[in-house]
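Bear in mind that the values in this text are calculations on the coordinates, not laboratory data. Bear in mind that the values here come from a model prediction, so they are computed numbers and not experimental data. We place every Cβ from the backbone using ideal geometry, glycine too, and count neighbours over all the protein chains shown.
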Amino acid sequence: MSFDPFRAKVEKCCRLRQSNRAVLNEFPFVSPLGQKKMRLLIAEDDRALGLFLQHGLEGDGNRVRVVRDGAEAVEAFRAEYPI
C-alpha cells in the first residue's frame, strides 16, 4: 500500500477530533447538552478539513453539507432556499 497524504491528513484530523471531544466534555459551556441541532453549509477548499468538520459536526447530530468554495455555497443555498 502506498502512502496517501490525503488519508494521512484525514486520520490526523480524526485523532485531533477525539482529543478535542475530551476537552469539550471538560467544558460543557463550550458544547452545551441539549443544544438545538443545526443544518450547516460549509465552504472549505481543503478537502481534509472539510471532511473533518463534517464528521465532527454530524457526530453531534447536525446536518452538514460541505462545498468547495463560495460560489458553490451560494448555489447550494439557493437550491435549498429558492428566492
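Quick notes
- Computed E for Ala76/Phe3 - FRET, C-beta separation, R0 25 angstrom, nearest 0.05: 0.15
- Residues whose amide H falls under 5 Å from that of Ala43, counting only those 5 or more places apart or on a different chain, are Val67, with hydrogens built in the peptide plane.
- ³J(HN,Hα), Karplus 6.51/-1.76/1.60, whole Hz, each residue of the range 51-56, x for Gly, Pro: 5, 4, 5, 4, 4, x
- Once the Cβ-Cβ distance of Asp69 and Lys37 is raised to the sixth power relative to R0 = 25 Å, the FRET efficiency obtained is 0.45.
- When Phe52, Phe77, Phe6 are arranged by Cβ crowding within 10 Å, least crowded first, meaning fewest neighbours, the order is Phe6, Phe77, Phe52.
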